[in-house]
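All remarks here apply to the structure that follows.
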Amino acid sequence: MTEYRTSLRNIFPCKCLLALTIWNHVSLSVENELFTSVSNNFQEDGLVKNVKSLSLLYTSRQSKANSDWVVIQNTTENLSLSEITNDNVKKLVALLSNFRQGSRLQNLTLTNVSVDWNALIEIFQTVWHSSIEYFNMNSLTQLSAIDSYDFDYSGTSMKALTIKKVLITDLYFSQDNLYKIFANMNIAALTIAESEMIHMLCPSSHSPFRYLNFLKNDLTDLLFQKCENLTQLETLILQRNKFESLHKVSFMTSHMKSLKYLDMSYNLLSHDAVVGVQCEWAEYLTELDLSSNQLMDAVFECLPVNIKKLNLQNNQITSVPKGMTELKSLEELNLASNRLADLPGCSGFASLELLNTEMNLILTPSATFFQSCPMVRELQAGHNPFKCSCELQDFIHLERQSGGKLFGWPAAYVCEYPEDLRGTQLQDFHLTELACNTVLLLMTALLLTLVLVAVVAFLCIYLDVPWYMRMTWQWTQTKRRAWHNHPEEQETILQFHAFISYSERDSLWVKNELIPNLEKGEGHIKLCQHERNFIPGKTIVENIIDCIEKSYKLIFVLSPNFVQSEWCHYELYFAHHKLFSENSNSLILILLEPIVPHFIPARYHKLKALMAKRTYLEWPKERNKRALFWANLRAAISINLPISFEANEEQSD
């Protein structure tokens with residue numbers, strides 16, 4: 001079988017008419033009998049004139065007197081006509097009258113129809129009693145007043161009527177006269193779209209409507225309120241109207257016992273929860289489209305309990321409230337283009353299989369989602385402003401374990417934050433286990449802290465840090481007390497040529513050799529010795545500091561006994577402090593007995609440094625070398641004390 005299409009133009013005797021399309025299936029038995037070119041007019045009926053070229057399909061050899069319309073009637077299934085006006089509507093009605101019930105014509109489309117009310121009713125009435133099952137009207141303009149008419153719906157083959165872009169020029173008419181014609185039609189499907197229709201009546205009796213489509217009109221919450229005659233309606237499309245109350249919409253459907261699909265998208269719907277007011281939905285409603293409205297979180301308190309597919313795309317939902325009515329049958333949920341901050345759990349959606357949360361405000365999706373939603377087989381969560389962090393990495397790991405349940409992975413999943421990772425696909429984002437495992441990170445930090453504390457403690461003990469801190473504190477306190485008690489005496493006056501620091505075990509050498517040779521020799525050197533110059537009443541530390549500050553030079557008698565003496569250590573520390581604070585060269589080291597370096601305690605590291613950097617005098621065992629020793633020592637001490645102090649000393653002597 002082969003399908004042919006023939007176009008017939010200029011059917012009516014006015015230059016603006018129109019196109020006729022004929023479809024048929026025939027056998028290709030004799031090629032030259034398939035098409036006949038007609039250049040003269042049709043016979044007695046006068047419906048078609050001035051035809052210059054027409055392709056018709058004949059099914060048999062018949063007399064020329066009646067074969068033309070027989071061909072149209074018996075071979076045409078789809079007919080499209082345009083530019084219908086009051087001038088040619090009678091001829092259109094006459095043409096359609098040829099398609100009585102039993103004819104093969106099933107689909108009729110009229111485009112650009114501009115007629116008055118009576119002509120329109122005549123067209124509808126003619127179609128209603130023809131073989132036509134599907135009638136479409138595009139761009140209908142009604143030019144006169146609309147009067148009441150008793151339409152005859154009986155004996156029709158009609159199944160569906162579609163009317164788009166209706167314009168009524170008469171502004172003053174009874175709406176009931178218009179709406180009741182359509183409301184009471186005995187057909188299965190009715191579409192009136194893009195027509196600025198503000199209302200529709202409830203059918204006066206039980207209606208056979210199974211499909212109603214009122215797309216892009218001006219319908220409001222008043223539609224079908226308390227209407228009980230749409231019990232067979234299964235599909236209702238009210239997209240792009242002016243509905244505002246979700247509660248009233250639910251009440252509208254409560255009497256539609258067979259309703260399964262409802263499209264309320266692109267309206268002005270909102271819902272405010274009111275205590276004691278419950279939404280009443282059609283019992284068998286399984287698919288609901290509420291996209292592109294003004295709904296917020298409260299919408300989940302007004303949903304059909306048996307819903308299977310729910311579209312809430314492009315609303316103002318921030319979260320799915322806990323404690324909402326459980327939707328046990330819900331299988332598909334679309335929450336794209338809302339304001340969600342996280343993936344909703346499935347506590348209220350036990351049967352959920354598909355979830356769409358694209359284009360929300362989700363920074364870090366919950367890693368427990370797939371655990372709480374074991375039935376979900378597809379999650380669409382792309383095009384969100386993801387924050388690439390440890391939490392997000394947990395979600396990525398979960399996706400890899402889920403077996404590819406993320407729709408659009410990886411192209412639709414891109415980092416938005418932080419700035420340096422913007423544009424990075426989530427599959428390319430990685431962090432170390434240490435950076436993301438809080439317990440491991442804390443344990444590592446704790447371990448490092450303990451190691452650091454242990455090292456610091458060891459160094460403190462090894463280097464005798466507490467002792468140095470204590471000495472620094474005593475030095476500070478002594479200086480503070482001295483300043484507080486005698487602020488006028490803060491300028492230190494040198495009273496001694498040298499202060500002698502030695503171990504008590506080496507005191508015999510100091511008293512018998514050092515002091516006599518320095519004080520009784522040339523230059524009259526004045527030495528400070530703790531036994532005779534420490535002031536009673538002061539602490540030992542205060543006396544040490546005082547003597548060191550009043551002495552020009554500091555003589556340290558070094559021996560194994562020296563490094564074992566606690567007070568020698570104090571004196572060495574304060575002397576070293578003076579050395580650096582005054583940037584002086586006042587230390588004189590006398591090595592009385594050799595000291596093995598590794599026997600020097602760790603806290604004497606300053607002594608080790610001094611002995612390594614400074615020249616020291618070594619006490620000679622041979623007597624013939626001692627004269628040179630004393631000469632060098634006197635030369636190192638050589639200084640003139642202030643005159644006032646020397647004069648006072650001479651007077652006291």
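The values are calculated or read from the model by the stated rules, or taken from the named source; none is laboratory data. Quantities reported herein were computed from a predicted structural model and do not represent experimental measurements. Quick reminder, even Gly has a Cβ in these numbers, built from the backbone with ideal geometry, and neighbours come from all protein chains shown. Remember, those area values only see protein heavy atoms, side chains included, never the ligands or the DNA or RNA. Shrake-Rupley method; radii C 1.70, N 1.55, O 1.52, S 1.80 Å.
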message: For a quick check of understanding: with a 1.4 angstrom probe and all protein chains in place, what accessible area in square angstrom does Asp297 have, to the nearest ten?
response: 40
field: When each of Lys226/Lys322; Lys91/Lys164; Lys165/Lys328; Lys216/Lys405; Lys164/Lys260 is checked by Cα-Cα distance, pairs over 30 Å
entry: Lys226/Lys322; Lys165/Lys328; Lys216/Lys405
field: Most to least accessible of Trp128, Trp409, Trp630, Trp473 (protein chains only, probe 1.4 Å)
entry: Trp473, Trp409, Trp630, Trp128
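Rounded, prolate or oblate: which one fits segment 311-421, using the alpha carbon gyration tensor with axes a ≥ b ≥ c (rounded when a/c is under 1.5, else prolate when a/b beats b/c, else oblate)?
Prolate is the answer for segment 311-421, as a/c is 1.5 or above and a/b outweighs b/c.
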query: To the nearest 10 square angstrom, how much accessible area does Arg104 have with a 1.4 angstrom probe?
result: 90
task: Measure off 7 Å from each Cα along the Cα-to-Cβ vector at Leu494 and Thr449, then give the distance between these two points in nanometres to one decimal.
output: 5.3
- request: Please list Cys436, Cys227 in order of solvent-accessible area, largest first, computed with a 1.4 Å probe with all protein chains present.
  value: Cys436, Cys227
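Of the trypsin sites (Lys or Arg not before Pro) in segment 503-566, which ones lie in a loop per DSSP and count no more than 12 other C-beta atoms within 10 Å? Don't skip to the end; give the middle numbers.
Values: sites: Arg505, Lys511, Lys520, Lys526, Arg532, Lys538, Lys550, Lys553; in loops: Lys520, Lys526, Lys538, Lys550.
Of the trypsin sites (Lys or Arg not before Pro), the ones in loops of segment 503-566 whose Cβ has at most 12 other Cβ atoms within 10 Å are Lys520.
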query: In terms of solvent-accessible area of protein heavy atoms at a 1.4 angstrom probe, what is the ranking of Tyr502, Tyr462, Tyr134, highest value first?
result: Tyr462, Tyr134, Tyr502
message: Are there any trypsin sites (Lys or Arg not before Pro) in segment 280-325 that are in a DSSP loop and have at most 14 other Cβ atoms within 10 Å? List them by number.
response: Lys322
- request: Find, among the GluC sites (Glu not before Pro) in segment 409-459, those assigned to loop by DSSP (not H, G, I, E, B) with at most 10 other beta-carbon atoms within 10 angstrom.
  value: none
